[in-house]
Amino acid sequence: MSPRRAHNGGRIDRSTTLRFTFDGTAMTGHAGDTLASALLANGISLIGRSFKYHRPRGVFSAGIDEPNALVTVIKGNLREPNVPATQIELYDGLTVESQNRFPSLAFDIGAANGLAGNLFAAGFYYKTFMGPVAGPLKGTRFWMFCEHFIRRAAGLGRAGHEPDTDRYEKMYGFCDVLVVGSGPAGLTAARDAAADGKKVFLAEQEPELGGTLRWKSAAIDGRPADDWVASTLAELAALPNVTLLPRTTVWGYYDDNALGALERVCDHKAHAAIGEPRHRHWTIRAKDVVLATGAFERPIVFPGNDRPGIMLASAAARYATEYGVLPGERIAIFANNDSAYEAALSLKDAGAEIAVIIDVRAGVSVAARELAREAGGELLLGYAVTNTSGARRLREIEVQPFADGKIREGGTRAFVVDCLAVSGGWSPAIHLASQAGHAPQWDEALQAFLPPAPTQRWTGAGAFTGAFSTAAALGDDIAVNEPEIEYDPAPVFEIRPSGRKSAKAFVDLQHDVTASDIRLAHREGFRSVEHLKRYTTLGMATDQGKSSNVPGLAIMAAARGLPISQVGTTRFRPPFSGVSLGALAADRHGHFKPERLTPMHDWHVARGAKMYAAGLWHRPMIYGTGGETVEQAYVREARAVRETVGIVDVSTLGKIAVQGPDAAEFLDRVYTNMFSTLPVNKARYGLMLREEGIAFDDGTTWRLGEHDFLMTTTTANAGKVMQHLEYYLDCVWPELRVHVTSVTDQWAGAAVAGPNARHVLESCVDGTRVDNDALPFMGIVRGEIGGAPVTICRLSFSGELAYEVYCGAGHGQHVWDALMAAGRTFEIVPYGLEALGTLRIEKGHVTGAEIDGRTSPRDLYLDWMLSKKKPYVGSAMVDREGLLAADRIRLVGIVALDDRPLNGGAHIVERLGEEPRGSIGHITAFCFSPALGKYIALAIVKGGKARHGQRAYVSDPVRNRFGPVEIVSHHFFDPEGSRMHG
Amino acid sequence: MLIACPYCGPRDLSEFTYQGDANRTRPNPMSNDQSAWNAYVYERVNTAGDHREFWQHSGGCRAHLVVIRSTLTHEIKSVAFARETAK
């Protein structure tokens, strides 16, 4: 006997046959099947092996609560492990594998774990593998030695190693009412809200809307439930203010009624359509939320309750009614409430034989008796299932009389069945409510946790509220014809034979946590629900304990002799069910990152520039000519700057307009040096500190008018400096009349540097002189180049005679072309970041590599910039004892004595061969210096200047670079600055 | 979390940048009292409850706001322009 397709019935499309493979075996199913229903239809009941004991397991539920039937879905090179078979819609070509079995599902070596009896109880690994207290494998080392083997034996599916090639996307949704769940309560809520003119989202995790009405037999308004669902859906679909979201699981409830939802757009297709994402992540902001999330049926815990063929009663009924599949041909029902009687009748109507209905209660309602009579089979009241047998699927069950919560010895009977449908009562799906509410409340009558009082704007509807009937879900205005059954269960969670050794009784099927594990946790003192969960891992598997939570708590409560209400429950945290990381990241990686390009970008690329990403900016690293290495290129470029003239794009520098009557006063406060004394049309180098006296950023600021300054910042810190200025103006000195505006993108900039720089400008600038009198060092003039207005400031980063030429961004390329044309006579060379870096290293100018958030101005020998005449941000803290200590790491120059390249980040040590833990500092920037003909670097080293002339060593084990260096002044080249002042 | 910017209206948290505790007062800039500066720069009260803090609407109007927010529930009790309320 095995499960099979019923001869008729179900909502599947029997005219469409779909092929799929399970562990390499070709099978078929129909459109509308899930993988679980299709496997059952093919007679497959053994679907996976359990986590710890490798016990055979089959389908246990028909929904998102599935703990057992996990498989790996294979699409091309991609493997997605641990997907419940109940959640996989069948498509033609679906390929899946079973998990946690070796060498095969039917014969599994790991099943020997099961024979080891109670060895693998809760805490087993901790207790066993903490190891001996002495010896080479003591303590955690022993655990690490064993861990590899344990992880291979225990576990779930195996993820693939291929990159995920699927697309994912993000959506933001805004609505008046978000209805979560599309059962009768959700549909009614959505229809009512839509009728009020509200903008409504209706999210349903399953592919089809309708919830339990898809498989429960109720008549609504005198017609079949089907008809009512179809007409309601048609009505909703026609409304412009309603959005239906099937295959969308709302997984998290966050502040201000923001909810996260995952829409599985094409998991149910063999191939995505062009441009279609696999998953779409929704962030939904709803004014109001209606939680109509329904309820989960829960099992009863009894010995041998995990064999394939044992499943939830509602799941068995759903397979029969919705999928036209008989989960067994001869079925037993085991219940503590009436709802399983309805399931029995559904199974009988679909063609199965009901062998026996076993109920722990001594008496049941009239409605239940009537259902039992119609379903056929024996009705055993006051009985319980006490054991099961069958190797790879259920073959036989044993029942014994049961009263007052105990088994009565004697009177054992056995039934040969191939399916046991179990119902231990219903638990409202309060997961989202518990994320947005107070502690859930235990209800004695329903023996379940009811939704808590909300802390956000939501209301509940239907089974979620603990009203489980269809009539209650639809409200008073709609007539429903359904059996008037009693949902309140008897308070029986576990059947526990006393006095003899019995089979394992599982509470958490996915993590193989048994009832005796919970009692063990209790004996060992792990009694609070939070401890219980962590010690036994109860409810921590991928199903998050949807079926095991309440039975587990009930068993702990019994062990402690307390009512469940006093034991409480753990808090349900998001996500409600698995969310793909791809959907959370969506397009935030890769090609959707914004790119900042300077006005001259295309020119650089056309000239063979190798571009370098500096934050969001793209900057030329070198302009490679055929066959040059990077080093050859930057050395050629830097040498040209020293010998004749070069030009570099500096448009990326941060530029902030600082304007207003108090602008000069403001700059005095944020810079360490004085700006109020700066004459109009002059620029000054400035240094900013953070409040604690650490260097923050540097740059030149130009006084364009009495109340008008242009501040430049480093490329990387432009945003941070802007925010820093805004903070002080808004929060600290609101009385200052100053306005700051970011103008980085408004200006294009080119620096022209080298002995011939002035000649270049002289031959292309109109409207102003640029000789030393008209444009001295740090002077500013305005003129035109090629008819475009420009502002020119004479300042130097390279140490050469140099000018920064700024023009409106739209004129950037035009002015650049004019400068290139003017420079032709002098063999002007465009240079990139590498040459720029080389020139500044030779000069010992600092950048972000040295202003790294740890260095003080003194560490960088910039104390000459600290004004004594006025306070500034950081002035009170810059003289702290710790920042004056003699062993601070300070700026030095480094020369490689072995004529080999150095590396940034390499450590400087006093003796060769030492590990970097003996480090006295590190290299911040390095280059081959064409001016010196040596490999040089800047470094931050303990003691700084005091070490000049000393021999030290570079130690870079990662790149295997060791060798002697000399510590020298960081002013390698032209320390007097005669070239830039010339 | 939504912050109701007095200029732009209610906006998502992702548009804002946290800019620190708004309870502290910057010492007189001429003061050399190291303990006062140390307290200003480093010492913070880890409030469980209503907290007065600066947020900048960096992805919007760029104004700094003084927000009173419960650190226990994220409930926002008040929002005002820092320029109008700063001490």
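The values are calculated or read from the model by the stated rules, or taken from the named source; none is laboratory data. Since the model is a prediction, treat every value here as computed from it, not as a measurement. Note that we place each Cβ from the backbone using ideal geometry, even for glycine, and neighbour counts take in every protein chain shown.
Would you check if B:ASP33 is touching a Pro at 6+ places or on another chain (Cβ under 9 Å) and surrounded by fewer than 17 Cβ atoms within 10 Å (Cβ to Cβ)? Let's see the steps before the verdict.
Working: touching a Pro at 6+ places or on another chain (Cβ under 9 Å): yes; surrounded by fewer than 17 Cβ atoms within 10 Å (Cβ to Cβ): yes.
Yes: the conditions hold for B:ASP33.
The residues listed here are A:GLY260, A:GLY275; of these, the one that is small (Gly, Ala, Ser) and within 14 Å of chain B (Cβ to nearest Cβ) is A:GLY260.
Collect the residues in region A:265-291 that are surrounded by 15 or more Cβ atoms within 10 Å (Cβ to Cβ) and assigned to a strand (DSSP E or B), keeping them in residue-number order. Passing the criteria: A:HIS279, A:ARG280, A:HIS281, A:TRP282, A:THR283, A:ILE284, A:ARG285, A:ALA286, A:ASP288, A:VAL289, A:VAL290, A:LEU291.
A quick yes/no check of all residues on (1) modelled with pLDDT under 90; (2) among the aliphatic types (A, V, I, L, M); (3) within 38 Å of the chain's Cα centre (by Cα):
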{"residue": "A:GLY466", "(1), (2), (3)": "no, no, yes"}
{"residue": "A:ILE485", "(1), (2), (3)": "no, yes, no"}
{"residue": "A:ASP488", "(1), (2), (3)": "no, no, no"}
{"residue": "A:LYS504", "(1), (2), (3)": "no, no, yes"}
{"residue": "A:SER516", "(1), (2), (3)": "no, no, yes"}
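Residues in region B:21-66 that are more than 10 Å from chain A (Cβ to nearest Cβ) and aromatic (Phe, Trp, Tyr): B:TRP55 alone.
So how many residues does region A:158-193 have that are among the hydroxyl-bearing types (Ser, Thr, Tyr) and either part of a helix (DSSP H, G or I) or at pLDDT 95 or above (or both)? Spell out how you get there, then give the answer.
From region A:158-193, those among the hydroxyl-bearing types (Ser, Thr, Tyr) are A:165, A:168, A:172, A:182, A:188; that's our starting set.
If we keep only those that are either part of a helix (DSSP H, G or I) or at pLDDT 95 or above (or both) as well, we get A:182, A:188.
Qualifying residue count, region A:158-193: 2.
Reported count of residues in region A:871-917, each being over 18 Å from B:ASN38 (Cα atoms) and in contact (Cβ under 8 Å) with a residue 12 or more places away in the chain, is 31. A single member of A:GLU966, A:GLU881 is out of contact with any helix residue (DSSP H, G or I) (no Cβ under 6 Å at 6 or more places or on another chain), exposed (fewer than 13 other Cβ atoms within 10 Å of the Cβ) and among the acidic types (Asp, Glu), and it is A:GLU881. Consider region B:1-49 and keep the residues that are of a type in the set (A, V, I, L, M, F, W, C) and in a loop (DSSP other than H, G, I, E, B). The one that is farthest from A:GLN723 (Cα to Cα) is B:ALA48.
Where residues in region A:870-893 are modelled with pLDDT of 95 or more and more than 43 Å from the chain's Cα centre (by Cα), which of them is farthest from the other protein chains (Cβ to nearest Cβ)? Top of the filtered list is A:GLY893. Scanning region B:67-78 for residues that are aliphatic (A, V, I, L, M) and either surrounded by fewer than 17 Cβ atoms within 10 Å (Cβ to Cβ) or facing chain A (nearest Cβ under 8 Å) (or both) yields B:ILE68, B:LEU72.
Looking at A:ILE656, A:ILE694, just one residue is of a type in the set (A, V, I, L, M), within 14 Å of chain B (Cβ to nearest Cβ) and surrounded by fewer than 20 Cβ atoms within 10 Å (Cβ to Cβ), and that residue is A:ILE694.
Inspection of region A:931-938 finds a residue satisfying the criterion of being modelled with pLDDT under 95, buried (at least 17 other Cβ atoms within 10 Å of the Cβ) and either in contact with a helix residue (DSSP H, G or I) (Cβ under 9 Å, 6 or more places away or on another chain) or more than 14 Å from every other protein chain (Cβ to nearest Cβ) (or both). Here A:ARG642 meets the list (1) assigned to a strand (DSSP E or B); (2) over 30 Å from A:ARG854 (Cβ atoms) almost entirely, failing just condition (1).
Looking only at residues in region A:853-869 that are over 16 Å from A:TYR671 (Cβ atoms) and surrounded by 15 or more Cβ atoms within 10 Å (Cβ to Cβ), which one is farthest from the other protein chains (Cβ to nearest Cβ)?
A:TYR861
One residue stands out among those in region A:717-747 that are out of contact with any Phe, Trp or Tyr (no Cβ under 7 Å at 6 or more places or on another chain) and more than 14 Å from chain B (Cβ to nearest Cβ): the one that is farthest from A:TRP816 (Cα to Cα), which is A:ASN717.
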